[in-house]
Every structure is written in structure tokens, then in C-alpha cells.
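Notes for the one structure printed next.
The values are calculated or read from the model by the stated rules, or taken from the named source; none is laboratory data. A quick note: this is a predicted structure, and the numbers were derived from the prediction, not measured. As a convention, Cβ positions derive from the backbone with ideal geometry for all residues, glycine included, and neighbour counts pool all protein chains shown.
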There are 2 protein chains.
Amino acid sequence: MNSLIESRFIRALYRQPVDKTPIWLMRQAGRYLPEYRMLRQKEPNFLKFCQTPSLACEATLQPLERFPLDAAIIFSDILTIPHAYGMALDFIEGEGPCFQTALRTEHAIHQLPAIDPEQELRYVMDAIRMVKKTLDKRVPLIGFSGSPWTIATYMVEGKSSKSFSQIKKMLYQEPQLLAHLLSHLSASIADYLIAQIEAGADAVMIFDTWGGVLSPSDYLNYSLKYMEEIVKKIQFAMHQKNKKIPIILFTKSVGGLVTEMAKTGCDALGIDWTLSLKDALQLTGQKVALQGNIDPAVLYAEPDIIRQQVALALASYGQLPGHIFNLGHGMNPDMDPEKVAVLVECVHRLSMPYHQPQVVTCP
Amino acid sequence: MNSLIESRFIRALYRQPVDKTPIWLMRQAGRYLPEYRMLRQKEPNFLKFCQTPSLACEATLQPLERFPLDAAIIFSDILTIPHAYGMALDFIEGEGPCFQTALRTEHAIHQLPAIDPEQELRYVMDAIRMVKKTLDKRVPLIGFSGSPWTIATYMVEGKSSKSFSQIKKMLYQEPQLLAHLLSHLSASIADYLIAQIEAGADAVMIFDTWGGVLSPSDYLNYSLKYMEEIVKKIQFAMHQKNKKIPIILFTKSVGGLVTEMAKTGCDALGIDWTLSLKDALQLTGQKVALQGNIDPAVLYAEPDIIRQQVALALASYGQLPGHIFNLGHGMNPDMDPEKVAVLVECVHRLSMPYHQPQVVTCP
């Protein structure tokens, strides 16, 4: 145990009182920061950049140097796991990730290897260890992974998709094969997140970017079920070590299914901007903390509008403990860092009246 | 008044008893049909194809020749209106629509002309008149338009977008300018749909493909508000003529906001597969008919699975009147027409137990 469990971010994840609403931003490290674009010049290949712990560490810390954010998140990508399976991967500017060969056959799926995160994904653990050393308990560090369903969409489609035809063909034509793939991914992801915790991550988050493209019953059977398995495995591993680590689940565009997500035993849910925090609170029955949720596009607006939108989101959540401020999705490359400064300042200042003034938290 | 008001489709839209659940499919005419791909060879330019009434008419009728569908929908595109404003437009294979110049400035927006649908969009009305003549009251014909918000996204972004950064910048930085654009579009769309009704459309539908990318309050203020204006204008125009035409609204990925959509005075809502029909019924309080909602990807499955999914959707809606079967989104080009035959047959056959056998409807 360390003093970070008294940090705003970790306390809020456990729905404990804090002095101000903590804030961090999805994709807070990245191309919108000139210093990140500069750093990338040292290694223009995105995958190699992620695989170089010193660079990943520096990218992780850059936004913390600029803004009083309440958490860091390790700089990495959700496709590290298929890459560790041996699937060759390119990142094409403007098109996103692209596998050299999409995963479509029963043979290929049954051939997927088991991975040891401290071997094939050691670069992530090394980056986490470097960040933790440099951060020196200033703020907590979030480890993360893609969800089984979301990682599987990229593996089966071979690249970003709008229609998800290939993986849905598999879902409806060979549901057992897809279940095998998702189980395999779940095992790898659980090991990967446990290794990240061992390396120093203070909380972990599972990003299910594409769960929202499924029907409610398919979502439960092909996405949430496997996220729940991962939650249970991590909790079991932590229990063995007499440790507790908050787990955050995020499914984009999941709507009213947050009710089901809250039953998985996770500690917090990421909420995108298509659901109000007030509705999300009601749907989740205060079982979990909520992280979110203004539209990232609000950062295109003038400071007055940002302030107004922050005030609305804070009011929507209200006086209960357990709110972590965030955007409903990641930062865009064309956003202005100055607007992030405005956002962070507004969240800290405007949230104070929602919290008990007598509660002292550190830092 | 004509006998089509006794058709399954129109009766279901008014939540009147029918013998079988009517079915039609979004994008039922299109590239998945070999006869459509053949027809396109006569005019490979998509926009010119839409502008040639004889070709649009033939494309509209093709799926009716193959399948016992309960409605036709006029073959056209949602970007006919900006094109009628004089915005030059290309359709690039695999990339979708692309305007030569995106609409971004106050000057350009204030310069947008008013349009007379019987002039600039006469080709659509001519196609409707041709279809009506050929259909000879066999099934009703649906006229349609994009929603103001959805059409505006293409005009302002200039092309398909994932982040909608440009129009959201406008929304947060120049909300009054965006409101002006949406009002202008609303007026054009109302006139356009009224003209389609005059030309012979038996029902009209407004496609709001991108309303779901907005926060709940932005959706109400920038999308639904304008669709409601259009509904009222059409209803006022029909009232003047002592006529009644059912109006269907469809916003993709709108989730629980169907409750608000049902209050607009429209007759039916399109429901995508991310909301169960049971939940949609509860959220809309039987104020409107519901059209939907299996995942189009179900058509990639074997006939057994299609049957099973149809049965689940029918059971989810239950015994109440007012269900029109449809996919939750359009057909994909790589789908097999044979599967559509299976789907239509299943819907008609499996839905019979949900309806009173003594009710006689025509055709």
C-alpha cells in the first residue's frame, strides 16, 4: 500500500469523499501536444515508439508537466496484444492500424500463442516502472488494455471498420470460434493487466471502443461477459496478494447497458457524452464511480463555453462522491493545449462546492 | 385517399391491426442486387443515376420484383438538397460523398438559396410519379430526406467524418450560425417532403444518421428540434389539404432519447439494433409505431440463425399493433439476396401468431 490510495483519483474511484473532482483525459498524451510531436521525431514509427520505454515514459509524463491532472495513463496502444501474438501491424497516417494479415480462419485462431507479459510485452512493464520512478507518487498511474471484443474487431477485420462485417459474420456464422478467440484474448488481457499492476499501475482501465456496435444481447454475450471474466481474474489475483486495485470499464456508445456493466464487480465506469451523468447515476444505482463525460468537441469552444459545459456536467452528477471528470472520448490531434488548461482549472475550481470543505486529501 | 391506406405498411404505421407484420429494408435497392449493378452500368456516375428518373424508378422497383416487400422507397440520396443549393458533389468509390468545397463561412451559409423542389429537385418528383404509375397501388411508396443535422454534417465537414470536428466546432463556437443553417435546411426539407407527397409518396421518412453523435441536450437542440419543425410543417400542409400522411423519424444510435422523439407528433420511429424493441416500446409509451430492428449483419448468417433472430425481434415487440419489420440500418453491398428472401418469408410467416387471424387486410 502507498499514499496514492489517498489521492483524489483513487479515492473518487472508491467513491470516497475528496476536496475537488479529479480529472484526467483520455489520450491526454498525444499529437495535440507540440512536445509530443517533437518527441515523435526521435522515433516516427508509432509501434517502435510505444516499444521504447524511455520514449513511452516521456510521452506519459508530458501532459503532467503542463497541467495539474490527477492521474497519468501509460502511453501505449490497445493493439500490443495481437502484436505480441506475432500479428504484423502497421500504423498508416490518417488510416489507423492495419494488420498485414487479418485473422479469419479457425486454424489461425487456434494457433494463437499464449503470451507472458513480462516477456513479449516487457516494454510496457518497463515503461510503467520508469514512469512510476519518475512520478514519485505525485499522482496515480493508470494501466490499460483494449477489451477482448474491441481487440478482436481489429484482428478479424484487419483494420478499422465502419460496418464490422467480418467479425459479425463470424459472430453469426461461427459463434463458437469467436467465443474461443474472445476467451483466448481474455486470458491474455487479464495476465497483461495483472502484470501492469505488478509493475506499478495504481488502477487499470479496459477500453471497449466497439462494444456499442452490438445489439444488447450480443453485447452481453460477446463483450461484457469477457470483461467481467477479466475483472474477476484481476480481483482474484489481487485478493491472493492482499491488495486492492480499482478497475474501470469503458464501453463507448453503450447507452442504458451501463446498468449491466455496473454489475460486473468493477469499481468505475467510463461514460461517454451520449448519456447524461444524471441518467448514468440512476441507471447504475450508485454501485460504481463514474468517469466522464463532456463531448471532446467542447474543447474547440471558447473558455466561456468550456466553463459552462463543465458546470453542467458537474451539476448533472451532483453532490454524491465517486465522480472522476473526463472527456467522453479521446483528445483530437487538432485541439489546443490551452483549452485543456482551461478545462482542468474549471473542473478543480467549479467542483469545490460539490465536496465537503473539511475533507483533507493529498496531494 | 386511396386503397393503400388499407395496406399492411400504412395500417401498421397508424398502429391498426394487420394480418402479418409488414417488412421493408433500408437500402433494399442497391449494390447487393446483381440487377442493380447491371443497371448502374448504364450510368456509372451515382449522382447522374439518381437524377435520371427512369433509372431511379427501375432501381426502386427491382427489390419488389424479387421479394414480397410491403413498401417501396424511392431510390435517391440524402445529399440531393445541398446539391440543389449548388454545392458541387462527387461520390468516390469506397469513400462516400465528397463536396468540392465544404461549407464553413458565415458568408457561404447566408448565401444558400431557397429551392423549389419542383424545379431543382424535379428529377426526384418525376421518379416518384413514374414509380407510382408502375406500382399501380401494389404497395405504398416511401419518400425520404436526410435530417437537417445529418445533411449539415456532410455540408460542413465536406465529406464523411468520424469525429465531426468541423460541425462541432461550429456548434460550440458559432451556435447561432449553425442554427441558421439548420433552419434553412429545415425549410427546404419540409418543402421537399411535401413535394414528394404531392408527387405520390404514401409515407415519408427522415433519416438522421448522425444525431447519435451528439450529447442528449445537443441532440434535442440541434437535431430533434428541427425534425419536429418539419413534422409540424408537413402536418399543417396536409391538414390544409384534408389529407393524412404517416411520418417516420429515424435517428441512429439515439438510445433512450426515443422517448423525446415520440413526442414530436410523428407516427413512427425507426429503431436500430442497439435498443431492444421491448425497451423501445416501454420508452415510447405506445405513442408511435416502431420500425426495426435486427442488426443487418444477421443477413450474413445461415437461414436458421436469421429465423431465430426474426423470432426474437417479433417476440420482443409482442402482440401490440404498430410494428414494421426492418433492419436497424441499411443493407451492405456484400450481402446475399437469397438471405433477404429468407428474411422476408420468415417475418411474414412467423409474425402471423402475433396478429388477430380474423382481420382482413389488403393487398
For this session: Go through segment B:2-29 and give me each residue that's modelled with pLDDT under 95 and either touching a His at 6+ places or on another chain (Cβ under 7 Å) or in a loop (DSSP other than H, G, I, E, B) (or both).
Result: B:2
For this session: Scan segment B:157-173 and report the pairs whose first residue is more than 7 Å from chain A (Cβ to nearest Cβ) and within 12 Å of residue B:104 (Cα to Cα) and whose second residue is hydroxyl-bearing (Ser, Thr, Tyr) and not in a loop (DSSP other than H, G, I, E, B), with Cβ atoms within less than 6 Å and a gap of 6+ or a chain change.
Result: B:167/B:153
For this session: Quick one: which residue in A:188, A:215, A:183, A:253 is out of contact with any Ser or Thr (no Cβ under 8 Å at 6 or more places or on another chain), more than 17 Å from residue A:144 (Cα to Cα) and small (Gly, Ala, Ser)?
Result: A:183
Exercise. Considering segment A:251-287 alone, what residues qualify as being on the phi > 0 side of the Ramachandran plot and more than 18 Å from the chain's Cα centre (by Cα)?
Worked result: A:285, A:286
Exercise. If you go through segment B:345-354 one residue at a time, do you hit one that is of a type in the set (Phe, Trp, Tyr) and part of a helix (DSSP H, G or I)?
Worked result: yes
Exercise. Of all residues in segment A:231-263, which are under 26 Å from residue A:279 (Cβ atoms) and either small (Gly, Ala, Ser) or in a helix (DSSP H, G or I) (or both)?
Worked result: A:231, A:253, A:255, A:256, A:257, A:258, A:259, A:260, A:261, A:262, A:263
For this session: Inspect segment B:184-194 for any residue being at negative phi and either within 14 Å of chain A (Cβ to nearest Cβ) or outside any helix (DSSP H, G or I) (or both) and give the result as yes or no.
Result: no
Exercise. Out of (1) touching a residue at least 12 places away in the same chain (Cβ under 8 Å); (2) more than 19 Å from residue A:195 (Cα to Cα), the odd one out for residue A:108 is which?
Worked result: (1)
Exercise. Hey, does segment B:293-306 have a residue that's more than 14 Å from chain A (Cβ to nearest Cβ), assigned to a helix (DSSP H, G or I), within 23 Å of residue B:31 (Cα to Cα) and not β-branched (Val, Ile, Thr)?
Worked result: no
Problem set entry | Which numbered condition residue A:309 misses (of (1) within 12 Å of another protein chain (Cβ to nearest Cβ); (2) loosely packed, with under 14 Cβ neighbours inside 10 Å) | (2)
Problem set entry | Looking only at segment B:196-217, and only at residues there that are assigned to a helix (DSSP H, G or I), crowded, with 22+ Cβ neighbours inside 10 Å and out of contact with any Phe, Trp or Tyr (no Cβ under 7 Å at 6 or more places or on another chain), the one that is nearest to the other protein chains (Cβ to nearest Cβ) | B:196
For this session: Being of a type outside the set (A, V, I, L, M), crowded, with 19+ Cβ neighbours inside 10 Å and over 21 Å from residue A:231 (Cα atoms) narrows it down to one of A:58, A:93, A:65, A:106, so name that one.
Result: A:58
Problem set entry | Meets criteria (farther than 22 Å from residue B:291 by Cα and either surrounded by fewer than 21 Cβ atoms within 10 Å (Cβ to Cβ) or without any contact (Cβ under 8 Å) to a residue 40 or more places away in the chain (or both)) for residue B:6 | no
For this session: Could you please find all residues in segment B:125-183 being in a strand (DSSP E or B) and over 27 Å from residue B:22 (Cα atoms)?
Result: B:159
For this session: Look through segment B:231-254, keep the residues that are aliphatic (A, V, I, L, M) and within 15 Å of residue B:268 (Cβ to Cβ), and return whichever of them is nearest to the other protein chains (Cβ to nearest Cβ).
Result: B:254
Problem set entry | Residue count, segment B:227-258 (criterion: in contact with a Lys or Arg (Cβ under 9 Å, 6 or more places away or on another chain) and touching a residue at least 40 places away in the same chain (Cβ under 8 Å)) | 2
Problem set entry | Only one of A:301, A:280 that is within 15 Å of residue B:256 (Cα to Cα) and not polar (S, T, N, Q) | A:280
For this session: Considering only segment A:262-292, state which residues are within 14 Å of another protein chain (Cβ to nearest Cβ) and either surrounded by 22 or more Cβ atoms within 10 Å (Cβ to Cβ) or closer than 19 Å to residue A:26 by Cβ (or both).
Result: A:271, A:272, A:273, A:274, A:275, A:276, A:277, A:280, A:292
Exercise. Residues of segment A:326-356 being β-branched (Val, Ile, Thr) and under 19 Å from the mean Cα position of the chain (by Cα), which ones?
Worked result: A:340, A:344
For this session: Within segment A:27-55, track down each residue that is buried (at least 21 other Cβ atoms within 10 Å of the Cβ) and under 30 Å from residue A:352 (Cβ atoms).
Result: A:28, A:29, A:32, A:33
For this session: With the condition kept exactly as written, say whether any residue in segment B:105-120 is away from chain A (no Cβ under 14 Å) and closer than 24 Å to residue B:332 by Cα.
Result: no
For this session: Residues being touching a Phe, Trp or Tyr at 6+ places or on another chain (Cβ under 9 Å) and not hydrophobic (A, V, I, L, M, F, W, C): count how many of those fall in segment B:226-239.
Result: 1
Exercise. Can you name the condition, by its number, that residue A:118 falls short on among (1) at pLDDT 95 or above; (2) closer than 30 Å to residue A:168 by Cα; (3) in contact with a helix residue (DSSP H, G or I) (Cβ under 8 Å, 6 or more places away or on another chain); (4) not in a helix (DSSP H, G or I)?
Worked result: (2)
Exercise. Could you list, in sequence order, the residues of segment A:143-163 that are surrounded by 21 or more Cβ atoms within 10 Å (Cβ to Cβ) and either at pLDDT below 95 or more than 30 Å from residue B:330 (Cα to Cα) (or both)?
Worked result: A:143, A:144, A:145
